[in-house]
1. Check which residues have an amide H placed less than 5 Å from LYS95's amide H, if you skip close sequence neighbours.
2. Give me a comma-separated list of calculated 3J(HN,Hα) values for the stretch 222-236, in order, Karplus coefficients 6.51, -1.76, 1.60 applied at θ = phi - 60°, integers in Hz, x for any Gly or Pro.
3. For the stretch 191-261 and the stretch 127-168, what is the separation of their Cα centres, given in Å?
4. May I ask for the distance between the Cα centers of the stretch 272-341 and the stretch 4-45, given as a whole number of Å?
5. Expressed as cubic angstrom per residue, what is the convex hull volume of the alpha carbon set of the chain?
6. Within 10 Å of each candidate Cβ there may be at most 10 other Cβ atoms; applying that plus a DSSP loop requirement, which trypsin sites (Lys or Arg not before Pro) in the stretch 148-228 survive?
7. Go ahead and estimate [θ] at 222 nm for the chain from helices alone: -39,500 (n - 2.57) per DSSP H run with n ≥ 4, summed, over the residue count, rounded to 500.
8. Could you go through the stretch 143-157 in sequence order and give the Karplus-derived ³J(HN,Hα) for each residue, using 6.51 cos²θ - 1.76 cosθ + 1.60 with θ = phi - 60°, rounded to whole Hz, and x for Gly and Pro?
Amino acid sequence: MKVGIVGASGYAGETLVKLLLGHPKAELSCVSSRTHAGKPLSAVIPSVRGIDRGIVFVASDPAALAATDIPLFFLALPHGAASEYAKALVGSGKKVIDLSADFRVGDLATYEKYYGKHHAPELLPFARYVLPEITPATWMEGAKIVASPGCYPTSILVPLVPLLRDGIVSREHIVANSMSGVSGAGRKVDEAYLYVERTESAKAYGLVKHRHLSEIEEQLELHTGARTVIQFNPHLAPMRYGIASTITVPAAPGATTESLYASWRKAYSKAPFVQLLPSGETPDTAHVTGTNRLDMSAIHDPRTGNFIITSAEDNLVKGTAGQAIQTMNLWFGFGETAGLR
């Protein structure tokens, strides 16, 4: 099946390129960029030399892309820009997997509170937020656009959803502290992200109202049946890739570490990319870099009555591009792990 990528020169786009070039069922047929049109793919992403199939970047023109015979496009664009392409592509019968935030929040008022004006609200009824491990397969009915989850939300939703649904943990006093590699900020020239500024440095940012908070809380409510408020504290860490999250949540009365793991096993026994580590063994971003895997574990603190849950993932693979391909595999009937192992 032919696929295309709009915005293929950013970190997420580059990761998509590398994964799709090795995919057994998908043929990368088009990559677009406003700044690299006319350049060979291998000149912009030298690591694909020899396997680039002679692909050349084309201009990011929504109408021209919509006129191609490619049935599926990935949008690796900043929020706000993706909706412009989604309108043209969906209007011509294409399917879209959007890696931006444009279709991640279903409630328009909530979206505009966190992101500002939405440029394609008429498409929201056709968009589906898909986190493969927790989203029911019925999402495919009527779907024209898939909103691929953010990296932070993936690391928090996968551990929490089954536990809230099964009453293993409290809905109150949930605190999620997360650290992200610098690539999560995207490929841009900004003094704050220069190597000399970020090395030997870690700091919190986006406190109280980080944009991913809207997505996390909406999905928690949708999947667990009740409004859930969390304290989300993101941090920028001096590493290139990875998300590490530590979630502190009160245990429900009678809940034990054994019952927590039983809930996880029930939810994820058939999930190929979720790995449960033994209690007391915490995940490490170094062990998931380059994979579509999310590692997680939990331990009970009898002194505070809290569960301490930890998770780790590659922010550009399971947190972005790999997860988008995982969704494509499910949408088009390929094996869920195709191109991701």
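1. LEU72, PHE73
2. 5, 8, 10, x, 8, 5, 9, 9, 10, 9, 10, 10, x, 9, 9
3. 16
4. 25
5. Considering the Cα atoms of the chain, their hull volume per residue is 135 Å³.
6. Those that pass, being in a loop and sparsely packed, are LYS188, LYS209, ARG227.
7. Here the helix-only value at 222 nm equals -7500 deg cm²/dmol.
8. Residue by residue, the stretch 143-157 yields 6, 10, 10, 10, 8, 7, x, x, 5, 4, x, 4, 6, 9, 5 Hz.
Laboratory data are not the source of any read-out in this text; all were calculated from the coordinates shown. All figures in this text were calculated on a predicted structure; none of them were measured in a lab. Positions of Cβ are generated from backbone atoms using ideal geometry, with glycine treated the same way; all protein chains shown enter the neighbour counts.
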